[in-house]
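**Student:** Below is a structure I'd like to ask you about.
The values are calculated or read from the model by the stated rules, or taken from the named source; none is laboratory data. The structure displayed is predicted, hence computed values, not measured ones. These area figures cover heavy atoms from the full protein model, side chains too; ligands, DNA and RNA do not enter into them. Shrake-Rupley method; radii C 1.70, N 1.55, O 1.52, S 1.80 Å.
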Amino acid sequence: IFVLSIVAAAIVFLIGYQNLNNQYKKRNHQMQIDYPSVVSKLNLLIGAGMAPRMAWKKMITDYEKRKKQIRYAYESGYPENRAYGEFGRRCGIHCYLKLGNLLEQNLKQGTSGLNQKLEEEMIHALEERKNMALRLGEEAGTKLLIPMFLMLGIVIVVLIVPAFMSFYV
């Protein structure tokens, strides 16, 4: 009983760890998909003349109005002077870290060149999104190989079994 309880506790721990790991991967995937839209919205609002702080606030209020599911890229909770840097570090993804640093530098140095940097970042983000879509398509094709071979096996059995049955009958 003692050994079984230790094994059961280990299994429960591993299942919890696996669920947490899956949630983390899902969160990172969702944030990488959202990154190009975050950068393009930010670039559009700043290009229209809004201050970065107001642009970020507008993006958050728009998100909260249409919030159907949690989008981790829009969730925040720090004062502005450290929110941008913490945002990038908390996300833990390189592209968000870079965006957070860009916005943090903007606070310290002013808005000169921010539009151009955001434009470059938006182009790079869209390229990354396209590459991610291609990679996911290739992974989906690879995952479909096993069912395809199983179906081929079934077709071969359906064709060969009647031939052998007629041969022996």
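**Student:** Given the rule -39500 (n - 2.57) for each run of at least 4 DSSP H residues, summed and divided by the residues of the chain, what is its mean residue ellipticity at 222 nm, to the nearest 500 deg cm²/dmol? Provide the component values of the computation, followed by the final result.
**Tutor:** Values: 6 runs with 142 residues, N = 169.
The helix-only estimate for the chain comes to -29500 deg cm²/dmol at 222 nm.
**Student:** Working from Cα positions, state the angle (0 to 90°, nearest 10) between the long axis of helix 52-65 and the longest principal axis of the chain.
**Tutor:** The two axes meet at around 40 degrees.
**Student:** Could you give the distance between the Cα centres of the range 122-169 and the range 21-50, to the whole Å?
**Tutor:** Going from one Cα centre to the other spans 33 Å.
**Student:** Based on the Cα atoms of the range 28-69, what semi-axes does the equivalent ellipsoid have, where each is the square root of 5 times one gyration tensor eigenvalue, given in whole Å with the largest first? Numbers along the way, then the final one.
**Tutor:** Numbers: eigenvalues 73, 37, 9 Å².
Equivalent ellipsoid of the range 28-69: 19, 14, 7 Å, largest first.
**Student:** I've got another one for you. So what is the relative contact order of the chain, in percent, for Cα pairs below 8 Å that sit 6 or more residues apart? It would help to have the intermediate numbers written out before the result.
**Tutor:** Working: 85 pairs, mean separation 36.9, N = 169.
After rounding, I find 22 percent.
**Student:** Counting only heavy atoms of protein chains, what accessible area per residue, in Å², does the range 95-147 have with a probe of 1.4 Å?
**Tutor:** On the way: 3640 Å² over 53 residues.
Ligands and nucleic acids excluded, the result is 69 Å² per residue.
**Student:** Could you work out, for the chain, what percent of all Cα-Cα pairs fall into each 10 Å distance bin, beginning at 0 Å and stopping at the bin that holds the largest distance?
**Tutor:** Going from the shortest bin to the longest, the percentages are 8, 25, 23, 14, 12, 9, 5, 3, 1.
**Student:** If you average over every viewing direction, what projected area does the convex hull of the Cα atoms of the range 96-162 give, in nm²?
**Tutor:** Details: hull surface 22.4 nm².
Seen from a random direction, the Cα hull of the range 96-162 projects 5.6 nm² on average.
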